[in-house]
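**Q** Below is one structure. I have some questions about it.
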Amino acid sequence: MNEGIILETKDLVKEFKGFVAVSGVGLKVKRGHIHALIGPNGAGKTTVFNLLTKFLIPTSGRIFYQGEDITPLKSAQIARKGVIRSLSLTPKAMELLNTVGLTEFADHITVELPYGRKRALEIATTLAMDPQLMLLDEPTQGMGHEDVERVTQLIKTVSANRTVLMVEHNMGVVSKIADRISVLQRGQIIAEGPYETVSKDPQVLEAYMGSSEVELQGAH
């Protein structure tokens with residue numbers, strides 16, 4: 001395995017009673033990158049995340065983390081190795097709250113927090129587990145513009161000394177912070193590269209049912 005690759009999948013497949021949700025996915029996530037996994041609804045993005053964290057068992061294919069084949073491992077074992085998916089827990093330190101801009105909300109009950117702050121709290125609790133690879137599943141979903149900006153900057157900040165793999169619908173967020181993008185359609189990767197390249201790819205534009213780069217940039 002390439003020394004710079006922290007996570008790799010080879011021919012990853014997931015079938016559900018004859019329906020192929022993920023088909024031959026080969027993903028390479030470079031250490032220190034923010035890597036975005038995008039695609040239209042039903043493309044298989046969340047299924048891939050569930051396979052990586054062993055919430056689902058692959059039908060076939062292999063998953064490698066830091067050169068080790070982690071395919072046989074259970075989700076808890078994978079988490080202990082430093083592959084952590086964002087979770088909803090209570091943070092234990094003011095330092096973490098400060099990191100994600102939540103110090104002023106320290107005395108609030110979690111349910112009272114505005115939605116965007118709750119998502120920031122999820123990222124804080126994930127940071128508490130000191131992950132080497134953070135998996136963020138649609139971190140800005142359902143947010144207003146201000147919260148999207150806040151969480152986008154937060155992801156950029158926390159990625160300074162770790163790797164982030166994120167599923168994200170908001171192309172504005174992806175274009176700002178992703179180092180590399182993999183585009184899924186019908187369970188297969190149809191394009192990869194930086195935003196500038198991917199946003200002009202004819203297959204990607206077609207997948208988003210648009211005919212111009214502008215439409216892709218506006219896609220959520």
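**Q** Looking at region 71-89 only, could you name the residues that are buried (at least 18 other Cβ atoms within 10 Å of the Cβ) and more than 18 Å from the chain's Cα centre (by Cα)?
**A** Listed by number, the list holds a single entry, Thr71.
**Q** Among the strands (runs of 3 or more DSSP E) contained in region 12-74, which hold 3 or more residues that are among the β-branched types (Val, Ile, Thr)?
**A** 19-25
**Q** For region 22-37, give me the residue count where each residue is within 18 Å of the chain's Cα centre (by Cα) and open to solvent by 20 Å² or more (accessible area, probe 1.4 Å).
**A** The total comes to 6.
**Q** If I go through region 6-21 residue by residue, how many of them are over 16 Å from the mean Cα position of the chain (by Cα) and surrounded by 14 or more Cβ atoms within 10 Å (Cβ to Cβ)?
**A** The qualifying residues number 7.
**Q** Sticking with this one: For the condition closer than 17 Å to Met134 by Cβ and either of a type in the set (A, V, I, L, M) or at pLDDT 95 or above (or both), what is the one hit in Leu73, Leu96?
**A** Testing whether each residue is closer than 17 Å to Met134 by Cβ and either of a type in the set (A, V, I, L, M) or at pLDDT 95 or above (or both) leaves just Leu96.
**Q** Right, another one. Evaluate region 105-112: report whether one residue or more is over 15 Å from the mean Cα position of the chain (by Cα), open to solvent by less than 20 Å² (accessible area, probe 1.4 Å) and modelled with pLDDT under 80.
**A** So far as region 105-112 goes, no, none of its residues is over 15 Å from the mean Cα position of the chain (by Cα), open to solvent by less than 20 Å² (accessible area, probe 1.4 Å) and modelled with pLDDT under 80.
**Q** Still on this structure, please answer the following. How many residues are open to solvent by less than 10 Å² (accessible area, probe 1.4 Å), farther than 10 Å from His35 by Cα and not hydrophobic (A, V, I, L, M, F, W, C) if we restrict to region 169-193?
**A** 1
**Q** Of the conditions (1) open to solvent by less than 10 Å² (accessible area, probe 1.4 Å); (2) over 16 Å from Gln132 (Cβ atoms); (3) touching a residue at least 60 places away in the same chain (Cβ under 8 Å); (4) not acidic (Asp, Glu), Pro40 fails just one. Which one is it?
**A** Exception for Pro40: condition (1).
The values are calculated or read from the model by the stated rules, or taken from the named source; none is laboratory data. Since we're looking at a predicted model, the values are computed, not measured. Neighbour counts are summed over all protein chains in view; Cβ atoms, including those assigned to glycine, are modelled from backbone coordinates with ideal geometry. Only protein heavy atoms, including side chains, enter the accessible area calculation; ligands, DNA and RNA are left aside. Shrake-Rupley method; radii C 1.70, N 1.55, O 1.52, S 1.80 Å.
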